[in-house]
Amino acid sequence: MTATAVSNDWRSRFDERIMRSIGMPLAKLERGEGAYVWDDEGREYLDFLAGIAVNALGHAHPVFVEAVAQQAARLAHVSNYFTTEPALELAERIVRLAGAGDEGRAWFGNSGAEANEAAFKLARLNNGGGGRTRVLALVDAFHGRTMGSLALTGKPHMRQAFEPLPGGVEHIPATIEALDASIDDAVAALIVEPIQGEAGVVELPAGFLEAARELTRRHGALLIVDEIQTGAGRTGAWFGFQHAGIVPDAITVAKGIGGGFPIGGLVTFGRASSLYQKGMHGSTFGGNPLATAVSNAVLGEIERAGLVENAAVRGAQLRERVARIGSPLVAGTRGRGLLVGVALADPAAQAVVAESMRHGLIVNAANDHTIRIAPPLTIGDAELDEFEARFGAALAAASA
Ligand code: PLP
């Protein structure tokens, strides 16, 4: 067999046997360490996507590896008929980090979409005796691919093939005026991302979350913040809503809180904590000791190593590095902490991603005009130096 035949073999296997719901992968990866991964041909990549804002500690971090190994050897799964110390500890930890106080409660599932399903059901429980049937979400929002989370997602091209979706959801523009005009006493909940990651790292307008808090409170609606991409310290605060100094009724979490181990969750505040009653929701795997032990270890390490602060500092430096490259293809940067969007002057995002791969760098095209960058929260000067060199070369090649 020729070298090319060997290197392309995984592509034909993928093409033949993996469900056609996703496109052809960029590479077949074999191992990782810190902010680097290696493919099946031994090529090294600086991973500035971190599994789409998931690998908060980078790859194969000793704390992560030890937590998986130790808990797997002790007790991996028990079902919702039992509780375990890791589950109790994670609920206490995440309620504390979210600032949900004495009334805070947590529910755990296995993914972001599942967390948003739990949040959607929470909205239905805030039905005001049957009069609250409306749920507001934002145009361009991304909340997941299951039927409920897809109903909350404001991207018509993702929804169309799967309609009819669960009803009552309306998508409004992300402006205070639109929210003010749309909200009334028939609204059960408003769900928002603090930064719309999938839409291209788009921040909410200044004052939006504060206004949303005020308007939802006035009308008895829940304010649910989707922290799946922005949580676990990524934006330079434990959760994105904390930059606005508001207290939501619920947040959903996933991605970074597991650092690479699948886990999602719903955290409720105040009166929202008493909406779910016995038997209303559940998940066989949800909150199992393996996932919660790993999440405790990941969040504990983020705390111990000051990685929330690191995300703030390194995020600002990363944006300076992008500006310093001085590429005519770059129109500017958006985002907060280590969730960065590079706005392109041309619809060249796919070409930039391809050139980045060729130059040993993993980034992502959030849309035609935006490169999304979400590295591990552990990065320092050395990774930023490498990033600047590789991204600079990729941008030069893509604009040639
Ligand atoms: N919500 C947001 C804001 C997300 O970014 C994502 C995933 O990208 C999801 C929900 C869905 O999470 P998952 O892919 O774990 O179902």
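Observations on the model:
- Total residues in the range 172-231, condition within 26 Å of Ile52 (Cα to Cα), of a type outside the set (Val, Ile, Thr) and touching a residue at least 40 places away in the same chain (Cβ under 8 Å): 11
- Odd one out for Met280, checked against (1) more than 22 Å from Asp47 (Cβ to Cβ); (2) within 16 Å of the ligand (Cβ to nearest atom); (3) out of contact with any strand residue (DSSP E or B) (no Cβ under 7 Å at 6 or more places or on another chain): (2)
- In the range 356-373, the condition of being assigned to a loop (DSSP other than H, G, I, E, B), charged (D, E, K, R) and over 23 Å from Gly32 (Cβ atoms) is met by at least one residue.
- Here Val54 clears all of (1) in the same structural domain as Arg234 (by TED's automatic domain parsing); (2) open to solvent by 20 Å² or more (accessible area, probe 1.4 Å); (3) within 14 Å of Gly264 (Cβ to Cβ) except the condition numbered (1).
Residues checked against (1) of a type in the set (A, V, I, L, M); (2) free of Cβ contacts under 8 Å to residues at least 24 places away in the same chain; (3) under 24 Å from Gly109 (Cβ atoms); (4) out of contact with any helix residue (DSSP H, G or I) (no Cβ under 7 Å at 6 or more places or on another chain):
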| position | (1), (2), (3), (4) |
| --- | --- |
| Ile22 | yes, yes, yes, yes |
| Leu29 | yes, yes, no, yes |
| Val68 | yes, no, yes, no |
| Tyr81 | no, yes, yes, yes |
| Thr84 | no, no, yes, no |
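- Residues of the range 110-160 that turn out to be under 15 Å from the mean Cα position of the chain (by Cα) and among the small types (Gly, Ala, Ser), as a count: 7
- Flag if Ala365 is open to solvent by less than 10 Å² (accessible area, probe 1.4 Å) and in contact with a strand residue (DSSP E or B) (Cβ under 8 Å, 6 or more places away or on another chain): no
- Test for Thr333: is it open to solvent by less than 20 Å² (accessible area, probe 1.4 Å), within 29 Å of Ala199 (Cα to Cα) and of a type in the set (S, T, N, Q): no
- Residue, most open to solvent (accessible area, probe 1.4 Å), within the range 146-163, restricted to residues that are of a type outside the set (Gly, Ala, Ser) and closer than 25 Å to Gly128 by Cα: Met147
- Members of the range 142-182 found to be within 16 Å of the ligand (Cβ to nearest atom), assigned to a loop (DSSP other than H, G, I, E, B) and charged (D, E, K, R), listed by number: Arg145, Lys155
- Here His243 meets each of (1) open to solvent by less than 20 Å² (accessible area, probe 1.4 Å); (2) assigned to a helix (DSSP H, G or I) with one exception, condition (1).
- Any hit, the range 85-94, residues being away from the ligand (no atom under 16 Å from the Cβ), open to solvent by 20 Å² or more (accessible area, probe 1.4 Å) and either among the hydroxyl-bearing types (Ser, Thr, Tyr) or outside the structural domain of Thr235 (by TED's automatic domain parsing) (or both): no
- Screening Glu227 against (1) away from the ligand (no atom under 16 Å from the Cβ); (2) among the acidic types (Asp, Glu); (3) under 30 Å from Gln70 (Cβ atoms) leaves a single unmet condition, (1).
- Output for the range 74-102, where each listed residue is within 20 Å of Thr284 (Cα to Cα) and of a type in the set (A, V, I, L, M): Leu75, Ala76, Val78, Ala87, Leu88, Leu90, Ala91
- Test: residue in the range 168-181 that is open to solvent by 20 Å² or more (accessible area, probe 1.4 Å) and under 24 Å from Ser273 (Cβ atoms): yes
- Screening Leu318, Leu384 for residues that are open to solvent by less than 20 Å² (accessible area, probe 1.4 Å), in contact with a Lys or Arg (Cβ under 7 Å, 6 or more places away or on another chain) and over 30 Å from Ala123 (Cα atoms) leaves exactly one candidate, Leu384.
- Annotation note: of Thr268, Thr284, Thr292, Thr252, the sole residue that is touching a residue at least 12 places away in the same chain (Cβ under 8 Å), of a type in the set (S, T, N, Q) and surrounded by fewer than 24 Cβ atoms within 10 Å (Cβ to Cβ) is Thr284.
- Pick from the range 193-224, criterion crowded, with 24+ Cβ neighbours inside 10 Å and of a type in the set (Gly, Ala, Ser), ranking: nearest to the ligand (Cβ to nearest atom): Gly197
The values are calculated or read from the model by the stated rules, or taken from the named source; none is laboratory data. This one's a predicted model, so the numbers in the text were calculated from it and none came from an experiment. Using ideal geometry, Cβ is built from the backbone for each residue, glycine included, and neighbour counts are taken over all protein chains shown. In case anyone asks, the SASA skips ligands and DNA or RNA and just uses the protein heavy atoms, side chains included. Shrake-Rupley method; radii C 1.70, N 1.55, O 1.52, S 1.80 Å.
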